[in-house]
1. Go through segment 215-228 and give me each residue that's surrounded by fewer than 18 Cβ atoms within 10 Å (Cβ to Cβ) and part of a strand (DSSP E or B).
2. Condition check: under 30 Å from Asn217 (Cα atoms), of a type in the set (D, E, K, R) and at pLDDT below 95. Does Asp71 satisfy that?
3. Answer yes if at least one residue in segment 151-158 is modelled with pLDDT of 95 or more, assigned to a loop (DSSP other than H, G, I, E, B) and assigned by TED's automatic domain parsing to the domain that holds Thr45, and no otherwise.
4. Scan segment 178-192 for residues that are within 21 Å of Leu140 (Cβ to Cβ) and in a strand (DSSP E or B) and jot them down.
5. Return yes or no: is Lys12 over 18 Å from the mean Cα position of the chain (by Cα) and surrounded by fewer than 15 Cβ atoms within 10 Å (Cβ to Cβ)?
6. So which residues in segment 233-248 are under 15 Å from Ile268 (Cα atoms) and within 29 Å of the chain's Cα centre (by Cα)?
7. Going through segment 103-116 one residue at a time, which ones are at pLDDT below 95 and buried (at least 18 other Cβ atoms within 10 Å of the Cβ)?
8. Kindly indicate whether Leu52 is closer than 28 Å to Phe19 by Cα, surrounded by fewer than 18 Cβ atoms within 10 Å (Cβ to Cβ) and of a type outside the set (Asp, Glu).
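The values are calculated or read from the model by the stated rules, or taken from the named source; none is laboratory data. In this text, all values refer to a predicted model and were calculated from it rather than measured experimentally. Heads up, the Cβs are rebuilt from the backbone with ideal geometry, glycines too, and the neighbour counts pull from every protein chain shown.
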Amino acid sequence: MADILELQQVSKTFPKSNFKLDKVTFSVPYGAILGFVGENGAGKTTTIGCILNTITKESGTIKLFGKEMKDADTGLREKIGVVYDGDNFPAYWNAKQLSEIMKGVYTQWDQELFEKYLKDFNLPAKQKIKHFSRGMSMKLAIAAALSHHPQLLILDEATSGLDPVMRDDILDVFLAFMQEENHSVLLSSHITSDLEKVADYITFLHDGRLIMTVSKNELAYDYAVMRCRESQFQKLDPQDILVYRKRDLWIDVLVSDGKGARRKYKDIVVDHVSVDEIMLLLVKGEQI
């Protein structure tokens, strides 16, 4: 089965800001959650805009469900649920009015399911969205995205600004969505602990360039960071070093084979590495 989403060499330049999305290539398999990580301004939202055709890419190809999506491809858009960071709907609407609009947009709109989400999320149907808290607004956007039975969820910082309890509730909703084997999620987030909980793969973006895509299992069992003194660092095999970063008297070294590093360098501390630390090392570290 082909990937549900595939990007090949996607580029986009913004001359005024001197920013370039530079030949970004990654894919999201069916039945997987891909976490999309990068610092603010790395290009995550631009990439999502290119995927959804709200931003015109300059080069490369993007395939959804095995096809390139054109503006007229309403059938493909029906299969995609989208939640943006920020205002998803006009503030003067309420949930009831939103459902009426959605009913006219999506042929697969499920009013009964939407009302179930409103009840589960404790959202009032007739209160204006402008009076919703951020958490309520995000839950409403997620309810709307799920209520037309998409196969692919694209979420741009959908959990940012939420308290830990509410984030956990939202992540449970995404995991429930993934019970169908033909469903997938692209989850852009700077809250890496969320991705560590739910993502199958994590793609790192920095300054418009793709740095690395790695499975969560590889992160958990293979990747590690060595804490070296200068004298120890000088004796390392350069081929073992992905990136390194000097920190006071120590040098942190990212390696892709932690078990091998422990066997090879018995006098060096080798620690498990979090998504946060990998991102910091990839962004701020140096290569040999």
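1. Of everything in segment 215-228, those that are surrounded by fewer than 18 Cβ atoms within 10 Å (Cβ to Cβ) and part of a strand (DSSP E or B) turn out to be Ser215, Arg227.
2. Taking the combined requirement at face value, the residue does not satisfy it.
3. Looking through segment 151-158, at least one residue is modelled with pLDDT of 95 or more, assigned to a loop (DSSP other than H, G, I, E, B) and assigned by TED's automatic domain parsing to the domain that holds Thr45.
4. Residues satisfying the conditions are Val185, Leu186, Leu187, Ser188.
5. no
6. Keep residues of segment 233-248 that are under 15 Å from Ile268 (Cα atoms), which gives 233-237, 240-241, 244.
Correct list: Asp240, Ile241, Tyr244.
7. Tyr106
8. Criteria met by Leu52.
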